[in-house]
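Trainee: Can you read through this structure? Questions will come right after.
We did not get these values from a lab; they are worked out from the coordinates using the rules stated. Bear in mind the structure is a predicted one, so any value in this text is a computation, not a measurement. Here Cβ is always computed from backbone atoms with ideal geometry, including for glycine, and neighbour counts include all displayed protein chains.
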Amino acid sequence: MTKYLALLSLVIIIALSSFSLYHQDNDIPVVEIIDPSNRSTVSYGSVINYRVNISDKEDGTSKYDEIQQTEVFLQLKYLPSEKDVSNYLQKEKQSEKAFILMKQNGCLNCHSLQYKLAGPSFRDIATRYGAATTTYEKLSEKIIKGSHGVWGDSQQMPPHPDLIKEDAVALARLVVQYGTDKNIDLYTGTEGTIQLRKNQNKNAAVLLLTASYLDHGIESANRKEGRAVAKIYLK
Amino acid sequence: MTSNSRRNFIRNTAVAGVGTSLMGPQVFTSPLPSSRAVKKIIVAGGGIAGLCAGYELMKRGHDVTVLEASGRHGGHVFTARDGLSDGLYGDYGAEHITRPGYERYWQYLNELGVEALPYPRRKNLLRQIDGKFYTEEMLSDRSVLTKMGFNLTEVDYLSKHPYWDLVSLYNKPYLDKFTDEYQPFGVGYDNMDNTPIADIYKKGGASAKALDLLGGANTSALFELWRSAILKLRGVSQFPVDVFRLKGGNQSLPTAFAKKLGDRVQLNCPIQSIQHDKAGVRVKFKWMGEPQELSADYLVNAIPPPAFRKIIVTPGFSPEKQFVLDNVQYDSYQRFVFQCSSKFWEKDKISINIEFDSPDLWSVWQSADEIDTHRVIVLGTGAGGITPQRAMAVFKENYPGATKPTVEQVVSKDWTKDGFAPTCERVHFPMGQLHKFWPEIMKPSGRIYFAGASTDNLNWGMEASTRSAYRAADEIDKA
Ligand SMILES: Cc1cc2nc3c(=O)[nH]c(=O)nc-3n(C[C@H](O)[C@H](O)[C@H](O)COP(=O)(O)OP(=O)(O)OC[C@H]3O[C@@H](n4cnc5c(N)ncnc54)[C@H](O)[C@@H]3O)c2cc1C
């Protein structure tokens, strides 16, 4: 009997592995914003909880803690009005690839938009260098080769030797773009608490939330990103 | 809140300031259980600081609950055993202590019966400089030093003092003025917070080689002189060589605190928001995914600022406190644990205490040598984002001996990727801003008190944690 079971499980293993051999396609992760609900209205200055669900055929689901918290991002973008939304989403497509590169390379483990982590904030980097092609060129070098001694004496940025120049330039551009945009913020994790802006800036009537997750592909190749968007009205 | 503690609060409406004399030598004794009213306290964060604060408060008869987000306590003091053979272990986080220098920490070791072992990880260091390896002997050889580019004074000094002590050649004349390790101001250097410490070295006649080695172009002279003076006042050298670690791994101390605290420590309880007013605090958190609420008279925050920022606190802090919480800076990196099948370096008659000049793997040394096996643990420190495989390749490539390192497996903890604690150690305060951080970083805000590695004078994490935890517990006890 046990012999038979062992044989059976062997057959199953063979069946499974041959199945994955013929099924190399990596599925796109499913990302859902559970809270706050799409098209809800909240007041300026209030505190809201957010919750995102991720489920990916290969990586697993956030419900069972199979998704690494630091790999789930929620982007907040304040927009003046409803009619700016589609425009913004269109424009944002241009930086989608660079944002994926940023995730692939773990840049956001050491950098955040507004705070210093191990590395300087994107805001501080943008303030220091400004937006210019020469800046992107210069910073792309740093990103590839690593950096030490510019922002402090005790931290260093490791090199990213596998990045090609073009991608490093795109990354530098995104760093400065994020650092310059006062209406954007980025959170990590499947849940958290957001302190909404006060209505000092009458130009922010809509808050666009974009949750995203870049999966691990099949053995790290062919990684795919899933996204979900929710629109919140501020009053 | 009990009516007793409310009365207590009214009696002390002016929140106790942080006295600079608080840390005199007399504080290294243990307090008696206080005769004051029992207070209810929530400790946020179950790292070594939170556990120590909880233990101190419990000892003084108060009602404490420690809320820890993750499924283990200890935070950055983290001894890993998983997957390692022969009962071996490796410290993923904090790895050494000094004596003197860690007075509060040693006091707890004695009190709780935790054993420390000598840790020769800094003896006979082999340093890779510009690709070439140097022994300590070589680095005290006049001709080697001259060839490296040091000037005559430096060569003289380094031929008689250890290589790491070069900094003393330039900062020693300044240190005597500091007399209280908690007071950087008013000793005559207040105007040097905008001066890079590198300028002090230059003024002292440092060569280009020395300036390159010492760095400091971005470090405040006031801050750096104060830091060096703290070491001097504690009776430790600029780079203590005789260091120690705990038998069985450094987690033994947090574990000993937690054991005393028992079910007062609650795991898997990420805090989401804190409300506070004159009467007390109310904390919202999750327990096993379910929303919970807890009220208390006081809260000790023992979560490092980068993680604490994610918690919404209402009402918000004063602009001064918020500035500190937003701007205190940390470094973050990775710990590698190489399990090897032999002491391969002994064949080569070289030291395994090696500093590489690779950006991926910075240093290696042996640990866990009290475990009775021929296998050995070699720990390493390196950059975040580097795979263990790459670190192993760098180790094998750069190792200077003829024998191949007998690495059987490598595991690692990349702190840059940690969900709750992505930081390692607090670094220096930015130039020209010491007065904004100090002593604000230690001060309570209403009923919220601050403990943790960032909230003491020196960034030697485990001692800063125990000192600050003791301070916060003492402040609350006396409030
Ligand atoms: C690689 C490395 C090497 C080091 N080497 C040394 C050394 O040799 N000597 C030395 O003295 N120090 C060293 N340190 C520093 C030392 O480990 C730390 O300074 C110290 O452990 C910090 O303790 P802490 O209690 O202040 O914070 P932490 O250990 O960070 O504890 C904070 C706790 O809060 C929890 N938390 C976070 N968010 C929440 C939330 N929302 N709700 C509830 N809980 C939350 C975290 O999970 C964590 O357990 C090293 C650190 C690292 C990483």
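Trainee: Quick check on chain A: helices-only [θ] at 222 nm, where DSSP H runs of length 4 and up contribute -39,500 (n - 2.57) each and the sum goes over total residues. Nearest 500, please.
Mentor: -11500 deg cm²/dmol
Trainee: Using a 10 angstrom Cβ neighbour count of at most 11 plus a DSSP loop assignment to flag exposed GluC sites (Glu not before Pro), which longest range of chain B is free of such sites?
Mentor: Result, exposed sites excluded: B:138-369.
Trainee: Are there any chymotrypsin sites (Phe, Trp or Tyr not before Pro) in segment B:160-237 that are in a DSSP loop and have at most 16 other Cβ atoms within 10 Å? List them by number.
Mentor: Filter output for segment B:160-237: B:PHE185.
Trainee: Once phi is turned into ³J(HN,Hα) by the Karplus curve 6.51 cos²θ - 1.76 cosθ + 1.60 with θ = phi - 60°, what whole-Hz value does each residue of segment B:349-359 show in order, with x for glycine and proline?
Mentor: 6, 10, 7, 8, 7, 10, 10, 8, 9, 8, x
Trainee: What whole-number distance in Å separates the alpha-carbon centres of segment A:162-235 and segment B:413-478?
Mentor: Segment A:162-235 and segment B:413-478 have Cα centres separated by 30 Å.
Trainee: With θ taken as phi - 60° and the coefficients 6.51, -1.76 and 1.60, list the Karplus ³J(HN,Hα) couplings across segment A:143-152 in order, rounded to whole Hz; mark glycine and proline as x.
Mentor: Running phi through 6.51 cos²θ - 1.76 cosθ + 1.60 with θ = phi - 60° gives 5, 6, 8, x, 8, 8, x, 8, 10, x Hz.
Trainee: 5 Å is the cut-off here: which amide hydrogens, built 1.01 Å from N in the peptide plane, fall below it relative to B:VAL66, excluding neighbours closer than 5 in sequence?
Mentor: B:VAL43, B:VAL265, B:GLN266
Trainee: Distance between the C-alpha centers of segment B:34-72 and segment B:332-380? Whole Å please.
Mentor: Answer, in whole Å: 37.
Trainee: May I ask for the net charge around A:SER46, where only other residues with Cβ less than 11 Å from the Cβ of A:SER46 are counted and Lys, Arg are +1 while Asp, Glu are -1?
Mentor: Surrounding charge for A:SER46 is +3.
Trainee: All other residues with a Cβ under 10 Å from the Cβ of A:GLN69 taken together, and with Lys, Arg as +1 and Asp, Glu as -1, what is their net charge?
Mentor: Summing Lys and Arg as +1 and Asp and Glu as -1 gives -3.
Trainee: Considering only lysines 8 or more places apart in sequence, or on different chains, count the pairs in segment A:52-125 whose C-alpha atoms sit under 21 Å apart.
Mentor: 11
Trainee: If you keep only loop residues by DSSP, which GluC sites (Glu not before Pro) in segment A:134-235 have at most 12 other Cβ atoms within 10 Å of their Cβ?
Mentor: A:GLU219
Trainee: Right, another one. Identify all lysines with a Cα-Cα distance to B:LYS160 below 28 Å; exclude those on the same chain that are fewer than 8 residues away in sequence.
Mentor: B:LYS123, B:LYS132, B:LYS147, B:LYS172, B:LYS177, B:LYS202, B:LYS203, B:LYS209, B:LYS232, B:LYS349
Trainee: If one takes the longest principal axis of the Cα atoms in chain B, at what angle in degrees, from 0 to 90 and to the nearest 10, does the Cα axis of helix B:48-59 lie?
Mentor: With both axes taken from Cα atoms, the answer is about 40 degrees.
Trainee: Please list the non-local residues whose amide H lies under 5 Å from the amide H of A:LEU117, H modeled 1.01 Å from N, same-chain partners needing a gap of 5 or more.
Mentor: A:SER112
Trainee: Oh, and also: Using modelled amide H (1.01 Å from N, peptide plane; none on Pro or chain starts), what sits under 5 Å from the amide H of A:ILE34, excluding residues fewer than 5 places away?
Mentor: Amide H to amide H, under 5 Å and 5 or more residues apart or across chains, A:ILE34 pairs with A:ARG51, A:VAL52, A:ASN53.
Trainee: Give me the distance between the Cα centres of segment A:99-115 and segment B:233-307, rounded to whole Å.
Mentor: Cα centres, segment A:99-115 to segment B:233-307: 28 Å.
Trainee: Between the helical axis of B:461-478 and the dominant principal axis of chain B, each derived from Cα atoms, what acute angle in degrees is found, rounded to the nearest 10?
Mentor: Value to nearest ten degrees: 20.
Trainee: What value, in deg cm²/dmol to 500, does the helix sum -39500 (n - 2.57) over DSSP H runs of n ≥ 4 give at 222 nm once divided by the residues of chain B?
Mentor: For chain B, the value works out to -8500 deg cm²/dmol.
Trainee: Another question about this same structure. Can you list the aspartates and glutamates whose alpha carbon is less than 16 Å from that of B:LYS404, not counting same-chain residues fewer than 8 positions off?
Mentor: Hits, sequence-local ones excluded: B:GLU346, B:ASP348.
Trainee: Can you list the lysines whose alpha carbon is less than 28 Å from that of B:LYS278, not counting same-chain residues fewer than 8 positions off?
Mentor: A:LYS198, B:LYS39, B:LYS40, B:LYS59, B:LYS286, B:LYS310, B:LYS321, B:LYS436, B:LYS443, B:LYS478
Trainee: What's the angle, to the nearest 10 degrees (0 to 90), between helix B:388-398's Cα axis and the longest principal axis of chain B?
Mentor: Roughly 30 degrees, rounded to the nearest 10.
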